[in-house]
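One structure below.
The values are calculated or read from the model by the stated rules, or taken from the named source; none is laboratory data. Every value quoted in this text rests on a predicted model; they were computed, and no experiment measured them. Cβ placement follows ideal geometry from the backbone for every residue including glycine, while neighbour counts extend to all protein chains displayed. Heavy atoms of the whole protein, side chains included, go into the accessibility calculation; ligands, DNA and RNA do not. Shrake-Rupley method; radii C 1.70, N 1.55, O 1.52, S 1.80 Å.
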Amino acid sequence: MRTSFNGSHSEPRAVVYARATIGLASRDVRVEDVPCRNLEDVLGGFGRSFQILAERTITHAFTPDNPLIINTGVLTASNVMTGLRTYFSAYSPLKVSNKGLPAAMWSAGSCKFGPKLKWTGLDEVILEGRADAPVYLVIRHTEQGPGITFEPAGDLLGLTCHEKIMWLRDRYADAHFAAIGPAGERYEDCYMASVALSTENQLRSGDDKCRWAGRGGMGAVMGYKRVLAIVAQAPDRITKLKPEIRDINKAASTGPGSRKFREKDKGGLGGTWSNYEPLEKFHFVPQNNFRPTGDGKPELMFREHVQPQFIVKAESCFRCGINCHKNVYEKNADGTRGAFLAKFDYEPVNLLSTNIGIHDPRKAATLISLVDRLGMDNISLGTTISYVMDYNERHPDAPILNGATFGDFDKARELIEGAATGRFPEVGRGVKRLSEQVRETGYAMHCKGLEFPAYQPDTNPGYPWAIAGGHMSMATYMALALEGNTSLDYWASLITGRGLLFVRDDLVGLCKFAGITADHAVEGLKHEIGFEVTSAELLAAVRRSFVRALWLERKQGYDRSDYTLPSEVFDRPNPNLGVPPFVTREFFSQLSDRVWAVFDREIDEIAKA
């Protein structure tokens, strides 16, 4: 990205980004400088990629016309801490309207692949068409600019995500990698395949410590295109740290925004894993397919109960001081650290243990690690498995698939392996399709085809308006536990106001865990690339990007019937929750009217633009 300001430092057209368009079938590569059309183009991420997707008419995710857009944010590779994000955008095989059309989706991952891609000289890569045989792409920094080559990927076929990355590490120095696993290679049977991004810790230690662009099946789209991996090879280009950026980073690493994710001895709460405690206070921790029982068993997965059995080490992404990774290792007989087992974040821990009736941290680590190696989204897979178990509990005389029920570790593992290998495509294609196939949709925990993360729908009527997953694109998922407000005014304002602004960092290239303020993001833009914008202008661009995503959903056939919750939320309220049920049909209908009264007007403005 380069700038050529002539007077004003606020003109988007003075900013140019570098794009490579790669024709996979023809092997044609076009590298060009693209002037920004608007502020969203400058910011990058899904704010830019969704404008590109809006120009396409796509009726099936697995078609050559569906591009896979890989881009960065304006602050990716900057000196602003957590400026590490890479975004993968396409029409999703998993997120679909009731009319069967795929929806635009993005998924983001951290660590050093994004900076390395940017240091090759590119801000964006668009994969068009489909290769005629499995390949991996090598993107290099050269004296003449970015260089892109195709390499045969026969040796990578069948390897896990981690094995692919290690294979590439041994052949490409000073590089980072994006790779799919066996699930992505079986894209027709596994729509929830994800993209693994290499980490510094992983390449150095040899442990399976990938980061993930997990949601929405971007690994399946990459698998359809027969691209098994991407290499970004370039020397680091770290510039001198300016005092203003140092102050932003200090605020990010020690301030209230990142407190939840820091260790307790650093003034934090202990990472996303710590969500167990405030949620269980109200029996909001999902159990047995999002049906908390109030029996206290979620406490068995609290960190305070798990840590004595293992070594838990807080580790970080490249140049990040938050140390949000809670990596779990074996504890040797002498108390020293043994083999790496898994990274414990709240969502995969819950969805692959408590929510499927398993309360053993070692078994949870085994399942989390297995899902990672095979290259699937823990959230979509765990939620789909809990549906299978729930169905089988309700139909003991006519179970489906392998007959798994809550608490059956061996059958859960079998379902995971089967989702990745094609044995159980019913699982790999997600809970929406499975529930429609068996004609019991009322307890299928998803909205718009995307499975719920580990937060109760009974406590979050904002789920339907999330545009890329319920806990990463709409900040309503912890609201009831933290703020306790059940009024209609509160929820309508939250969904149409500050809740949607949660996607800001999915444009600019920062990690949400830093909790950087809008003012600090604006300062980062000013001091890193010289672009000047107010906080209000930044947030207005974020809002336009969110509303554009809603417009794209409407373009793909979504109507109000898609924006709802599983019927059991309304028809079978859970008496074990620590608050009286408030998400009734009447409440939700009135909330929908209020929300759409705001969004319909803004969608119309986007459509006319």
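Given the residues A481, A444, A420, which is the only one that is within 29 Å of K112 (Cα to Cα) and surrounded by 20 or more Cβ atoms within 10 Å (Cβ to Cβ)?
Values: A481 fails: within 29 Å of K112 (Cα to Cα); A444 fails: within 29 Å of K112 (Cα to Cα).
Exactly one residue qualifies, and that residue is A420.
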Practice item. Report, ordered by the first and then the second residue, all pairs with beta carbons closer than 9 Å, sequence separation of six or more or different chains, a first member in segment 197-223 that is without any contact (Cβ under 8 Å) to a residue 40 or more places away in the chain and over 14 Å from D377 (Cα atoms), and a second member that is in a helix (DSSP H, G or I) and open to solvent by 20 Å² or more (accessible area, probe 1.4 Å). Key: L203/M166; L203/R169
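Checking the condition buried (at least 17 other Cβ atoms within 10 Å of the Cβ), touching a residue at least 24 places away in the same chain (Cβ under 8 Å) and acidic (D, E), which residue from E523, E532, E537 passes?
E523
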Revision key, fill the gap. Of (1) more than 27 Å from D208 (Cβ to Cβ); (2) open to solvent by 30 Å² or more (accessible area, probe 1.4 Å); (3) modelled with pLDDT of 95 or more; (4) of a type outside the set (D, E), L122 fails just (2)
Review point. Of the residues P115, P102, P93, which is in contact with a His (Cβ under 7 Å, 6 or more places away or on another chain) and either closer than 25 Å to R56 by Cα or buried (at least 24 other Cβ atoms within 10 Å of the Cβ) (or both)?
Key: P102
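Go through the residues of segment 573-592 one by one and say whether even a single one is of a type in the set (D, E) and either touching a residue at least 60 places away in the same chain (Cβ under 8 Å) or not in a helix (DSSP H, G or I) (or both).
From segment 573-592, those of a type in the set (D, E) are 586; that's our starting set.
Narrowing the set further to residues that are either touching a residue at least 60 places away in the same chain (Cβ under 8 Å) or not in a helix (DSSP H, G or I) (or both) leaves none.
No: zero hits.
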Point to revise | Options R585, R572, R601, R543: the member that is closer than 20 Å to A479 by Cβ and not hydrophobic (A, V, I, L, M, F, W, C) | key: R543
Review point. Under 7 Å by Cβ, and 6 or more places apart or on different chains, what pairs join a residue from segment 16-34 that is of a type in the set (G, A, S) with one that is open to solvent by less than 20 Å² (accessible area, probe 1.4 Å)?
Key: A18/L122; A18/D123; A20/L122; A20/V125; G23/G129; A25/G129; A25/A131
Review point. Looking at T82, T76, T57, which is the one that is open to solvent by 20 Å² or more (accessible area, probe 1.4 Å) and either part of a loop (DSSP other than H, G, I, E, B) or at pLDDT below 95 (or both)?
Key: T57
Revision key, fill the gap. T149 passes all but one of the listed conditions (1) assigned to a helix (DSSP H, G or I); (2) open to solvent by 40 Å² or more (accessible area, probe 1.4 Å); (3) over 30 Å from E426 (Cβ atoms); the exception is number (1)
Practice item. Output the qualifying pairs, or none if there are none: Cβ atoms under 9 angstrom, residues six or more apart or on different chains, first residue in segment 131-145 and open to solvent by less than 20 Å² (accessible area, probe 1.4 Å), second residue of a type in the set (D, E). Key: V135/E151; Y136/E151; L137/E151; V138/E151
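Could you pull out every one of the helices (runs of 4 or more DSSP H) wholly within segment 446-557 that has 3 or more residues that are closer than 15 Å to E40 by Cα? Reasoning before the result, please.
On the way: elements: 479-483, 488-496, 505-508, 518-529, 535-555.
In segment 446-557, the matching helices (runs of 4 or more DSSP H) lie at 505-508, 518-529, 535-555.
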Exercise for review: Would you confirm whether any residue within segment 433-447 is within 18 Å of the chain's Cα centre (by Cα), of a type outside the set (A, V, I, L, M) and closer than 20 Å to R543 by Cβ?
Suggested key: no
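Quick one: which strands (runs of 3 or more DSSP E) lie wholly within segment 301-413 and hold at least 2 residues that are of a type in the set (K, R) and either open to solvent by 30 Å² or more (accessible area, probe 1.4 Å) or touching an Asp or Glu at 6+ places or on another chain (Cβ under 9 Å) (or both)? Working first, answer last.
Details: elements: 311-315, 325-331, 337-343.
Hits in segment 301-413: 325-331, 337-343.
Can you tell me which residue within segment 234-251, out of those that are touching a Phe, Trp or Tyr at 6+ places or on another chain (Cβ under 9 Å) and open to solvent by less than 80 Å² (accessible area, probe 1.4 Å), is farthest from T142 (Cα to Cα)?
The initial filter retains those residues of segment 234-251 that are touching a Phe, Trp or Tyr at 6+ places or on another chain (Cβ under 9 Å), namely 234-237.
Okay, now just the ones that are also open to solvent by less than 80 Å² (accessible area, probe 1.4 Å), so 234-236.
Values: A234: 8, P235: 10, D236: 13 Å.
My answer is D236.
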Check your understanding: Are any residues in segment 575-609 buried (at least 17 other Cβ atoms within 10 Å of the Cβ) and either at positive phi or among the polar types (S, T, N, Q) (or both), and if so, which ones?
Key -> S592
Practice item. Identify the single condition in (1) more than 19 Å from P256 (Cβ to Cβ); (2) of a type outside the set (G, A, S); (3) open to solvent by 30 Å² or more (accessible area, probe 1.4 Å); (4) in contact (Cβ under 8 Å) with a residue 24 or more places away in the chain that P464 does not satisfy, given that it satisfies every other one. Key: (3)
Review point. Is it the case that Y136 is under 30 Å from D247 (Cβ atoms) and in a strand (DSSP E or B)?
Key: no
